[in-house]
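Read through the structure below, which is laid out as structure tokens, and then see the notes.
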Amino acid sequence: MDNFKHTQMATYLYLKNIREMLEYSTNGRKKTKEDYEGKKKVFEQAINEKGLLAELVIKNNPDQAEKIKETYEDFLFDVFNDRVITFEEDKMIFDVAMKMNYFKSIFQVRELFNSISWSQIQFAKTNRKDDYDNSVEELLIKEDVLYRVVFMLVLHTAIRDSFMEFVTEMNASKGNANPQTNFITNILSQYLQMAAGIMDNNKSITDTDFNEAKHRFKTTIDAITGKLGKKNLQDQENYFVAAREAIDKALVNLEKVWYEAYTPLIKETIEFEKANRKN
């Protein structure tokens with residue numbers, strides 16, 4: 001590993017941390033306050049004077065500096081605000097009312113770090129042709145698919161919860177729209193739009209498990225939005241269950257593929273940093 005490849009891995013680790021922050025919106029895997037505080041510190045440092053964003057993006061794009069800073073500061077507020085995630089006796093509490101902004105900010109800043117990573121790949125292919133190492137590029141490809149399936153997982157939960165809330169409210173109002181149903185519909189439509197972007201923004205994905213999960217999730221969305229004709233609530237719930245099973249299967253298999261690419265690179269990174277500390 002040389003300095004350039006180390007910079008690539010340092011950038012990549014932001015993508016990994018962003019994906020892992022998505023999981024904080026679920027009740028699945030155990031999250032610790034130590035991990036949360038560690039991630040918060042990492043992302044706060046990125047915008048510092050000698051941080052990765054300041055050095056690689058803001059310095060080279062002075063005309064967009066204020067916009068980038070504003071987007072990033074919104075991300076820090078929406079994702080690491082004490083109102084969003086709190087810990088009580090090591091139990092994590094996520095404020096679901098903040099979920100929409102949480103997802104939006106993660107999506108926006110992830111695109112920023114992803115663009116940095118791919119610009120590094122293009123630089124290497126152009127300027128380091130003779131000794132180009134594609135291992136980080138392969139990791140980025142696998143990371144992107146894993147990120148999208150994790151985002152599908154959390155959006156599946158958000159969409160189902162909002163849909164069931166809408167059904168409950170419509171039943172209570174005897175089928176009459178009201179300000180509350182209109183509010184829920186607006187939130188739901190934003191989740192659906194976000195899901196479409198996550199599933200379709202990368203047309204190059206050929207993984208069978210991902211595409212099956214995507215198909216099942218799209219079918220579920222069609223079922224609750226009337227595109228499959230009139231469906232009763234049990235039918236719609238069955239679609240949600242089938243989609244979740246496909247997403248869970250894809251997540252397990254894609255994590256294995258990602259781990260195989262990630263493990264040797266993170267070991268190489270750690271060894272490089274150890275050697276540098278000795279010198």
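The values are calculated or read from the model by the stated rules, or taken from the named source; none is laboratory data. Predicted model only: the values in this text are computed from it and were never measured. No Cβ is skipped: glycine too gets one built from the backbone with ideal geometry, and neighbour counts run over all protein chains shown. Only protein heavy atoms, including side chains, enter the accessible area calculation; ligands, DNA and RNA are left aside. Shrake-Rupley method; radii C 1.70, N 1.55, O 1.52, S 1.80 Å.
A few points about this structure:
- Under the convention that each Lys and Arg Cβ holds +1 and each Asp and Glu Cβ holds -1, the size of the dipole of segment 8-53 around its Cα centre is about 140 debye.
- Sparsely packed loop sites in segment 29-126 (the GluC sites (Glu not before Pro) outside DSSP H, G, I, E and B with at most 15 other Cβ atoms within 10 Å) comprise Glu49, Glu89.
- Order of exposure, largest accessible area first, which applies to Tyr72, Tyr262 with probe 1.4 Å: Tyr262, Tyr72
- Highest average first, the peptides 9-20, 177-188, 74-85 ordered by how many other beta carbon atoms sit within 10 Å of their residues are 9-20, 74-85, 177-188.
- Farthest positive-ward along the chain dipole, Cα basis, beta-carbon charges - from Met1, Met21, His156: His156
- Prolate/oblate/rounded label for segment 1-95 (Cα gyration tensor, a/c 1.5): oblate
- Degrees between helix 208-224 axis and first principal axis of the chain (Cα, 0 to 90, nearest 10): 30
- Taken about its Cα centre, segment 62-145 carries a charge dipole of about 260 debye when Lys and Arg each add +1 at the Cβ and Asp and Glu each add -1 at the Cβ.
- Alpha-carbon centroid distance for the pair segment 35-93 / segment 177-251, whole angstrom: 30
- C-alpha long axis of helix 65-80 to longest principal axis of the chain, angle in °: 60
- Simple Cβ-charge dipole of the chain, Lys/Arg +1 and Asp/Glu -1, about Cα centre, in debye nearest 20: 360
- In the chain, a dipole from Cβ-located charges (positive for Lys and Arg, negative for Asp and Glu) runs towards its positive end, and of Thr86, Ser119, Asn182 it is Asn182 whose Cα lies farthest in that direction.
- Charge dipole (the chain, unit charges on Cβ, about Cα centre) - positive-most of Val167, Val257, Ser204: Val167
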